[in-house]
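Have a look at the structure below, then the notes.
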Amino acid sequence: MGDRSDQRVGLLYGFGAYGLWGILPLYWHLLEATPPTEVLAHRMVWSLPTALLLLVALRRWSWIRPLLRQPKKLGLVVLCAAAISLNWGLFIWSVSVGRVLESSLGYFINPLMSIAFGVLLLRERLRPAQWAAVAIGVVAVAVLSVGYGQVPWLSIALALCFALYGLFKKRLEMDGVDSFSAETAVQFLPALGYLVYLAAAGEGTFTAGGTGHMLLLAVSGLVTAVPLIFFGSAAVRLPLSTIGLLQYVAPALMFVLGLLVFHEAMPPERWAGFVLVWIALCVLTWDALRTRHQGRARLRAAEREAAERGAARRAQAASAGATGGEAGPHDASAPCSSRSLPDQ
């Protein structure tokens, strides 16, 4: 019962994380009067105090000194910070210019981008279904290029940034809260310098938009951290395959917002492209679930075989012990007879 309860809690955290990420366009839309670069800078600046509060609450400081003594790992932290900063910036900009649907497409095709990275950079081998999903994804991008009149560069750039971020994080091998804190520490000074420059030039909007506007900008760090905390809590309770399925919640919500709340255009060619992407994701999901089922079946078969071998060995040992017990007296008398012969 404990495992099931833990998984239920994990699902709640997972839906909470991806649900919050999915409705983020509503939050950034409230800040549309502020230039996207300034919103991004505030997000970076206010993320560090949030991270510090988390570290104080969790009493997690021991990782800092070892990290500072590892230049290679520090370099990966900088790369992570750069990749996620670009991803954040593009996403905030997409909301400000009414291109939420393109953003949702970027997160839909992110799994396909991750697969491409696996093949090109990590030398991974794809199963036939994965190759089929990638091929459908390529066709979808071609169809969408016709629909948009150009290559959907925003979607591709968002997927590329996030896939790179995932690749760097994989090699970084740090806990979610620790890596978030390290990344925000890297982002803090450049972002703060930019905000100081805006204030000095009289172009900053932090104090010009009223108390409500100030609060919206100030809580951007919390808005960034809470889904991340939920995600970390879900990741330790759920299988990776379940996490992989939950990741589609965020772009699905973005798609609904773009279509029904922001009323963005969706001509037939774009529908066709999105449908092709969804088909590719269905193929990927089916393949992942099938592979997981087959892996479990092989594991159960191996466990049964090991149990049967163990039972056979125990039965053989018991049989040998019983035979040895019956022959023992005769074997013991024979040496006695042989030793008594010379005396006779």
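The values are calculated or read from the model by the stated rules, or taken from the named source; none is laboratory data. Just so we're clear, the structure is a prediction, and the values are computed from it rather than from any experiment. In this analysis, Cβ positions are derived from the backbone assuming ideal geometry, glycine residues included, and neighbour counts consider all displayed protein chains. To get the accessible areas, we keep the full protein, side chains included, count just its heavy atoms, and leave off ligands, DNA and RNA. Shrake-Rupley method; radii C 1.70, N 1.55, O 1.52, S 1.80 Å.
Points worth noting:
- Looking across region 1-27, the residues that are open to solvent by 20 Å² or more (accessible area, probe 1.4 Å), among the hydrophobic types (A, V, I, L, M, F, W, C) and assigned to a helix (DSSP H, G or I) come down to Val9, Leu11, Leu12, Phe15, Leu20, Trp21, Leu26.
- Cβ-Cβ distances below 7 Å connect the following pairs, each with a first residue in region 101-122 that is within 30 Å of His263 (Cβ to Cβ) and open to solvent by less than 10 Å² (accessible area, probe 1.4 Å), a second residue that is of a type in the set (Gly, Ala, Ser) and not in a loop (DSSP other than H, G, I, E, B), and a separation of six or more residues or different chains: Leu101/Gly258; Ser103/Ser94; Ser104/Gly258; Leu105/Ser155; Gly106/Ser155; Gly106/Ala159.
- Of all residue pairs spaced 6 or more apart or on separate chains, those with beta-carbon atoms under 9 Å, a first member in region 28-57 that is closer than 10 Å to Ile92 by Cβ and open to solvent by 40 Å² or more (accessible area, probe 1.4 Å) and a second member that is of a type in the set (Val, Ile, Thr) and assigned to a loop (DSSP other than H, G, I, E, B) are Pro35/Thr205.
- Check on Phe188, out of contact with any strand residue (DSSP E or B) (no Cβ under 6 Å at 6 or more places or on another chain), aromatic (Phe, Trp, Tyr), modelled with pLDDT of 90 or more and within 17 Å of Val77 (Cα to Cα): yes
- For region 239-288, the tally of residues that are of a type outside the set (Gly, Ala, Ser), modelled with pLDDT under 90, more than 24 Å from Ala129 (Cα to Cα) and not in a helix (DSSP H, G or I) stands at 2.
- If you go through region 58-69 and keep only what is open to solvent by 20 Å² or more (accessible area, probe 1.4 Å) and either in a helix (DSSP H, G or I) or under 13 Å from Ala185 (Cα atoms) (or both), you end up with Leu58, Ile64, Arg65, Pro66, Leu68.
- Among the residues examined, Ala225 qualifies as aliphatic (A, V, I, L, M) and touching a Ser or Thr at 6+ places or on another chain (Cβ under 8 Å).
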